[in-house]
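Here the structure is laid out as structure tokens; the discussion comes afterwards.
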Amino acid sequence: MDSVEGVLIAMLDGKNVQLNNLEVLIEYANKNKVLLQILRVLNIQNSLRELQENSLKERVRTVQLITKVLKGYDYAFFKLVKPVVYVPADIDLLIKASQAVYAAKQLISLGYKVVVKDPYCITLVRGESIVDLYVHPSLGGAILLDGQKLLEHTSLMEYEGIEIRSLSAYAEALIAAAHAIYKEKLYTLNDYYTVKKWATSETIRLAEELKYKPALEYATELNRQIECVV
């Protein structure tokens, strides 16, 4: 069994997974950004699971703090709420362009320091916590997607027991496709599940509006090919 196939089967049906290759399964789950999902599905209790759970709790505490200081701002978390459980490396936010500097100052009041500033993104760090504050999702100073239009597609969503302002699920599906194909050039099972579970006719309309339909179509084709191995 291919290792990626094993991860996919574990996510779909944890009861029928052979655990004799657990180390390889975990390695590929980590590469595919579904590690905590796999550990939970397989009910694995070890130091790695504890580390992942604690890291997730820390992310949740950070999200709560950010939500509090940005009350009243026109912003949204993105690439945070997903149909699978995982620990994001950083926290990404979209902010209304006219509020970006003020929002950054609010984060600085929490102890963050600006470490990188480009035309469309400010990266702030506090210890091991990283926050990317975007006006537009960008790559090398070039706009990847129109963040101001994306802010028209937000909703209140549940994140690990708390309510946050996030991009709507159908918009997250487009973000996953565009980010994986144009920025990362790497399509993970995290992306697969986000597109599979959350892409709707609204995603297609948004992709057409933002001129990213080819990315969505390519992601859909990748999903089809992934499903052929199961």
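Coordinate-derived values only; no laboratory data. All figures in this text were calculated on a predicted structure; none of them were measured in a lab. FYI the Cβ positions are ideal-geometry reconstructions off the backbone, even for glycines, and counts take in every protein chain you see.
Sum -39500 (n - 2.57) across every DSSP H segment of at least 4 residues in the chain, then divide by the residue count to get the 222 nm mean residue ellipticity, nearest 500.
-14000 deg cm²/dmol
Ordered by residue, what ³J(HN,Hα) values in Hz, to whole numbers, does region 21-32 give under the Karplus form 6.51 cos²θ - 1.76 cosθ + 1.60, where θ = phi - 60° and Gly and Pro are x?
Going residue by residue, I get 10, 4, 4, 5, 4, 5, 4, 6, 5, 5, 5, 8 Hz, with x marking Gly and Pro.
Please work out which option in [x] -0.38, -1.29, -1.39; [y] -0.35, -1.40, -1.59; [z] -0.52, -1.17, -1.25 gives log10 I(q)/I(0) by the Debye sum over Cα atoms at q = 0.09, 0.17, 0.18 Å⁻¹ calculated from these coordinates, and answer with its label.
Computing log10 I(q)/I(0) by the Debye sum over Cα atoms at q = 0.09, 0.17, 0.18 Å⁻¹ and matching it to [x] -0.38, -1.29, -1.39; [y] -0.35, -1.40, -1.59; [z] -0.52, -1.17, -1.25 gives [x].
For residue 149, give me every one of the aspartates and glutamates with a C-alpha distance below 16 angstrom, ignoring sequence neighbours fewer than eight places off in its own chain.
Leaving aside aspartates and glutamates fewer than 8 places away in the same chain, those within reach of residue 149 are 74, 172, 202, 208, 209.
Quick one: compute the contact order of the chain, relative version, from alpha carbon pairs under 8 angstrom and 6+ residues apart, as a percent.
Contact order relative to length: 16 percent.
Which semi-axis lengths, in whole Å and largest first, follow from the square roots of five times the eigenvalues of the Cα gyration tensor of region 24-133?
Equivalent-ellipsoid dimensions as semi-axes: 30, 13, 13 Å.
Starting from the Cα of residue 114, step 7 Å along the direction of its Cβ; do the same at residue 47; then give the gap between the two resulting points in nm.
According to this spin-label approximation, the distance is 4.1 nm.
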